[in-house]
Amino acid sequence: MSKFFAEKLSGLKPYVPGEQPKDEVYIKLNTNENPYFPSKYSTDAITPEELEKLKLYSDPESINLKNAIANYYGVSAQNVIVGNGSDEILAFIFAAYGAHGVVFPDITYGFYKVFAQLFGIKYQTVPLDGQFKINVDGYKKADKTVIIANPNAQTGEYLTLSQIESLLINNPKNVVAVDEAYIDFGGESAVKLTEKYGNLIIVQTFSKSRSLAGARVGFAVAQKSLIDDLNKVKNSFNPYNVNRISAILAEKAINDVDYFNQNCKKIIKTRTRLIAELQSMGFYVIPSKANFIMAKTEKIGGEKFYKELKERGILVRYFSDERIKDFIRITVGTDGQTDELLKQIKQIIGE
Ligand SMILES: *Cc1c(COP(=O)(O)O)cnc(C)c1O
């Protein structure tokens, strides 16, 4: 740290992304990317003509992309904001609604704490219950902005629409942001509740279910007054936040509904098989509606297990948080990757 660095940021603990190795020697099951290629609609649309247009700024409104998202969800473009990854959208939410504090689960997406620190926002956490489920009643009278990942990050546990609705009813004076990064893998989006609830913001990403992690595109859907707030923050930070190429990639991806549905189905099917096989080897697996699972065995702790798998060419993640340190988090890959993973796990635990 230099002597010039802001004093109030000196204690900042940045988000630690999963490893992104430069070589492709690993089977990469550590950062919840999609194992399938992006849509052909997307890649075919990046023509030499579009590349030449890179000399011009991107559309600060990203209107074509917003229209495509609005069309997919049956809302209007004024109910949508797009961002440079959903991480950027989440940052806008913290900046816009964090002044009176935020509240989120003790085990969840690690970035929420980081944003709170960066923006000098007080945060409170509500413990997940013994089954790693979100304790919906713990957010009554929160008197703070509520941030929930659904399905929850690091567990995959899912809240039903009626549970989301009770969060909204219990918090009429607070914004409730629902981060649906993993919603397409078997959950039901709460986008339709935005029409009824003026305090709800749904955040989604193209990084997981639409195979565009490297393009960095996320979005939020909410009533116009909330989107106007977020645009105010966006336009005070980075008006051209989504680049030309990524906007095209994402617009085409959301239009390719068949390919998207097919990939989500494949991942759900592979997840079901992976969970069953691990359970038959004696693993405890947290029920997951995400494209990852959390699994543990008494035979080996999370960190050791991660290292053993890495030596065998497979990257997974483990977390040092006390409550989940015995688990490894495994991204659901292709069937072929899953076969190799299961083979290596059997060798490690000596089955
Ligand atoms: C992956 C993830 C994000 C970030 O997505 P980007 O759009 O790639 O920035 C946000 N929230 C959760 C819960 C995630 O798992």
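The values are calculated or read from the model by the stated rules, or taken from the named source; none is laboratory data. What you see is a predicted model; the values in this text were computed from it and never measured. We place every Cβ from the backbone using ideal geometry, glycine too, and count neighbours over all the protein chains shown.
Is it fair to say Phe4 is surrounded by fewer than 18 Cβ atoms within 10 Å (Cβ to Cβ), more than 23 Å from Ile183 (Cα to Cα) and away from the ligand (no atom under 16 Å from the Cβ)? So that I can check it myself, show each step before the final result.
Working: surrounded by fewer than 18 Cβ atoms within 10 Å (Cβ to Cβ): yes; more than 23 Å from Ile183 (Cα to Cα): yes; away from the ligand (no atom under 16 Å from the Cβ): yes.
Yes, satisfied.
Taking the condition at pLDDT 95 or above, surrounded by fewer than 16 Cβ atoms within 10 Å (Cβ to Cβ), touching a helix residue (DSSP H, G or I) at 6+ places or on another chain (Cβ under 8 Å) and of a type outside the set (Val, Ile, Thr), does Asp335 pass? It would help to see each step written out before you state the result.
Working: at pLDDT 95 or above: yes; surrounded by fewer than 16 Cβ atoms within 10 Å (Cβ to Cβ): yes; touching a helix residue (DSSP H, G or I) at 6+ places or on another chain (Cβ under 8 Å): yes; of a type outside the set (Val, Ile, Thr): yes.
Taking the combined requirement at face value, the residue satisfies it.
All but one of (1) modelled with pLDDT of 95 or more; (2) of a type in the set (D, E, K, R); (3) part of a helix (DSSP H, G or I) hold for Lys296, so report the exception by its number.
(3)
Which is modelled with pLDDT of 95 or more and touching a strand residue (DSSP E or B) at 6+ places or on another chain (Cβ under 9 Å), of Pro48, Pro35? If you could, list the steps in order and put the result at the bottom.
Numbers: Pro48 fails: touching a strand residue (DSSP E or B) at 6+ places or on another chain (Cβ under 9 Å).
Just one listed residue meets the conditions, Pro35.
Looking for something under 30 Å from Ile286 (Cα atoms) and either among the small types (Gly, Ala, Ser) or within 14 Å of the ligand (Cβ to nearest atom) (or both) - is there at least one such residue anywhere in the stretch 221-244? Reasoning before the result, please.
Narrowing the stretch 221-244 to residues under 30 Å from Ile286 (Cα atoms): 221.
Remaining after also requiring either among the small types (Gly, Ala, Ser) or within 14 Å of the ligand (Cβ to nearest atom) (or both): none.
No, the stretch 221-244 contains no residue that is under 30 Å from Ile286 (Cα atoms) and either among the small types (Gly, Ala, Ser) or within 14 Å of the ligand (Cβ to nearest atom) (or both).
Are any of the residues in the stretch 228-244 surrounded by fewer than 23 Cβ atoms within 10 Å (Cβ to Cβ), closer than 22 Å to Asn34 by Cα and under 18 Å from the mean Cα position of the chain (by Cα)?
No, the stretch 228-244 contains no residue that is surrounded by fewer than 23 Cβ atoms within 10 Å (Cβ to Cβ), closer than 22 Å to Asn34 by Cα and under 18 Å from the mean Cα position of the chain (by Cα).
When you check Tyr36 against the structure, is it loosely packed, with under 14 Cβ neighbours inside 10 Å and either of a type in the set (Phe, Trp, Tyr) or within 16 Å of the ligand (Cβ to nearest atom) (or both), yes or no? Step through it out loud before you land on a result.
Working: loosely packed, with under 14 Cβ neighbours inside 10 Å: no; either of a type in the set (Phe, Trp, Tyr) or within 16 Å of the ligand (Cβ to nearest atom) (or both): yes.
Answer is no for this residue.
Out of the residues in the stretch 133-156 that are in a strand (DSSP E or B) and farther than 14 Å from Lys289 by Cα, state the one that is nearest to the chain's Cα centre (by Cα). Can you show your working first?
Here is the first cut: in the stretch 133-156, the residues in a strand (DSSP E or B) are 145-149.
If we keep only those that are farther than 14 Å from Lys289 by Cα as well, we get 145-148.
Working: Thr145: 19, Val146: 16, Ile147: 13, Ile148: 11 Å.
Ranking the candidates gives Ile148 first.
Going through the stretch 140-171 one residue at a time, which ones are touching a strand residue (DSSP E or B) at 6+ places or on another chain (Cβ under 7 Å) and within 12 Å of the ligand (Cβ to nearest atom)?
Ile147, Ile148, Ala149, Asn150, Asn152, Gln154, Thr155, Gly156
Ala253 - would you say it is part of a helix (DSSP H, G or I), of a type in the set (Gly, Ala, Ser) and modelled with pLDDT of 95 or more?
On the way: part of a helix (DSSP H, G or I): yes; of a type in the set (Gly, Ala, Ser): yes; modelled with pLDDT of 95 or more: yes.
Taking the combined requirement at face value, the residue satisfies it.
On the basis of being small (Gly, Ala, Ser) and touching a helix residue (DSSP H, G or I) at 6+ places or on another chain (Cβ under 9 Å), does Ala276 make the cut? If you could, list the steps in order and put the result at the bottom.
Values: small (Gly, Ala, Ser): yes; touching a helix residue (DSSP H, G or I) at 6+ places or on another chain (Cβ under 9 Å): no.
When the stated conditions are applied, Ala276 does not pass them.
If you take the residues of the stretch 1-18 that are among the small types (Gly, Ala, Ser) and touching a residue at least 12 places away in the same chain (Cβ under 8 Å), which of them is farthest from Phe292 (Cα to Cα)? First the steps, then the outcome.
We begin by selecting, within the stretch 1-18, every residue among the small types (Gly, Ala, Ser); these are 2, 6, 10-11, 18.
Narrowing further to those that are touching a residue at least 12 places away in the same chain (Cβ under 8 Å): 11, 18.
Values: Gly11: 31, Gly18: 14 Å.
Among those residues, the one meeting the criterion is Gly11.
For the stretch 71-117, enumerate the residues that are more than 20 Å from the chain's Cα centre (by Cα), under 17 Å from Val217 (Cβ atoms) and either aliphatic (A, V, I, L, M) or within 16 Å of the ligand (Cβ to nearest atom) (or both).
Across the stretch 71-117, the qualifying residue is only Ala77.
Collect the residues in the stretch 179-220 that are away from the ligand (no atom under 11 Å from the Cβ) and touching a Phe, Trp or Tyr at 6+ places or on another chain (Cβ under 6 Å), keeping them in residue-number order.
Result: Gly187, Val191, Ser211.
What are the residue pairs meeting all of these: first residue in the stretch 285-298, first residue farther than 25 Å from Asn261 by Cβ, second residue outside any strand (DSSP E or B) and acidic (Asp, Glu), Cβ atoms under 7 Å, and 6 or more apart or on different chains?
Between residues of the stretch 285-298 that are farther than 25 Å from Asn261 by Cβ and residues that are outside any strand (DSSP E or B) and acidic (Asp, Glu), the close pairs are Ile286/Glu157; Lys296/Asp326.
So that you can scan it fast, the table gives a plain yes or no per residue for (1) out of contact with any Lys or Arg (no Cβ under 8 Å at 6 or more places or on another chain); (2) farther than 22 Å from Lys22 by Cα; (3) modelled with pLDDT under 95; (4) surrounded by 17 or more Cβ atoms within 10 Å (Cβ to Cβ):
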site	(1), (2), (3), (4)
Gly301	no, yes, yes, no
Tyr306	no, no, no, yes
Leu315	no, no, no, yes
Asp321	yes, yes, yes, no
Phe327	no, yes, no, yes
Asp339	yes, yes, no, no
Lys343	yes, yes, no, no
Ile349	no, yes, yes, no
